[in-house]
Amino acid sequence: MRYLLNIAFLIISVLLLSCKDDLLQEEAVPKFSKIYSSLEDIEAVDFIAKPDGSGYLILANNKNSTNTNSDIYLINTDNEGFQLSSFHIKTNTYDQGVTLKFGNENDLYILGIRKETANNAFSKSILLKANLEGEPVKAANDTTSSIAEIKTLAAESNQSITMNDFMIDAVGYIYFAGTIRRPQRNDKTNEIVQIYNLNNFNFEDTTTRVMQFEEIPRNLNSIVYNNTTANKIIQEQFTSYNYLYTTIGHEYTSSNQDSVAPPSYNIVRKIYKEMQSAVAEPTTIGNENDEQLGAILQDGYEGNLYLAGSYRNSNNDSLFLIRSTFNPIQPDQENPYFSTNWFIFSGYGNNVVSMTRTNSGKIIMATTEYIPENELEAATTNSYLLKFSEAGILIENEAFKLQNSKFYNIKKILSLNDNSVIILSSLEFENTSKSVGLVKIFF
């Protein structure tokens, strides 16, 4: 049955990958197309290329049909997408993968979220470690049936902390960025950053609590909860200035009775100059027009970023791409200045999910569009691959649409050195079973 699914997915991939004029370019025919399945549903989350070029590691969530249980699931493939092994990390809690990254010694780290049950309001963030083949590290003194040692990040009992991203610096510190929430405080949120010495995460024993090196804000009990979030954290590439890392997220500003301005939802970038700096100067990147951040991409130059997303206003189906360019600090400036170039376009879905950069400097963006069920057709998820110039200009004659009922739901794209693109998708079949898809095309 699994072989038939692979054959079916390959046929559908060839038939449904089309450009805007419905002409299938030879370069876009899949070079490989794989489906990965389990005894239960698995939903794609993220993937990463192995540093030695030997294949890919895929992060997924293994869920039962009623979604009352969720486990982290890892898939190890070669560079042609053939599955070599998989690891189902079973627990008695509701665990979900968030993202995965390699450390300085090619160790794989997996960030996840843990709740006691699917409907529990409180969540904790967890960290796992695996080798280059995706095999999780298990503590030597663990006598249980678990195949992985799972570390819980520090949190108080009345705090719900969801880490959305992490980075590891060259010295060996790991930085987590996310959102802290206390349900009893009207569900308001605040950005949080936690920094740990990675050496303190001893995955060889069963110690469950690891104390952080630094936490921002430092006193969680005094948080104002000003409706900020941190979606991404990146290591800055400045060489001329002593900037360490940046968080990118949202800041929600509500209107008050003395203001005629409506509520706004802004994209905010915060640059931290020191590891133990408790204050960062925020830079608002958005136009205070309800922008919803979808993906970011560092463009390889000092402090420059591409940011893309959609609008929270349901009446606005446009997407945007921002090129945020760093301008050197002048003698009369205390903080860096960023100029922004905005590009707004429509007709290619309503959600930005991923961006990647080719060797030639072009930007490839993946977008999705969910079309609800109606009297004539079942619900459909369409996905698009768009190409932009380095300056951020959409190249419309190179836009591709991937469509089929419940078949295409892109989660991430990755450009390789040969200008091919690897596409990770969540797949849902007519019997509602869910699997993971990986496709390689030249685009």
(message) Can you order the peptides 352-362, 243-253 by their average number of other Cβ atoms within 10 Å per residue, highest first?
(response) 243-253, 352-362
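Rounded to the nearest 0.05, what FRET efficiency is calculated for Asn106 and Leu416 with R0 set to 25 Å and r the Cβ-Cβ distance?
Here the calculated transfer efficiency is 0.85.
Set the bar at 31 Å for Cα to Cα. Now go through Lys362/Lys434; Lys270/Lys401; Lys34/Lys90; Lys129/Lys270; Lys101/Lys270 and name every pair that lies beyond it. Walk me through the numbers before you get to the answer.
On the way: Lys362/Lys434 33 Å; Lys270/Lys401 35 Å; Lys34/Lys90 24 Å; Lys129/Lys270 29 Å; Lys101/Lys270 22 Å.
Flagged as over cut-off: Lys362/Lys434; Lys270/Lys401.
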(request) Could you list Phe338, Phe82, Phe122 in order of exposure, starting from the residue whose Cβ has the fewest other Cβ atoms within 10 Å? (result) Phe82, Phe122, Phe338
(message) How large is the Kirkwood hydrodynamic radius of segment 37-133, counting all unique pairs of alpha carbons, in Å?
(response) 13.8
(request) Enumerate the amide H contacts of Ile285 below 5 Å, restricted to partners 5 or more residues apart or on another chain; note that Pro and chain-start residues carry no placed amide H. (result) Ile267, Val268, Arg269
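Where does the charge balance sit around Asn76 when Lys and Arg score +1, Asp and Glu -1, over other residues with C-beta under 12 Å from its C-beta?
-2
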(request) Rounded to whole Hz and in sequence order, give me ³J(HN,Hα) for segment 58-66 from the Karplus expression 6.51 cos²θ - 1.76 cosθ + 1.60, θ = phi - 60°, writing x for Gly and Pro. (result) 10, 9, 9, 10, 9, 10, 7, 5, 9
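Just so you know, all these numbers are worked out from the coordinates, no wet-lab data involved. Predicted model, so just to flag it, every value in this text is computed and none were measured. Heads up, the Cβs are rebuilt from the backbone with ideal geometry, glycines too, and the neighbour counts pull from every protein chain shown.
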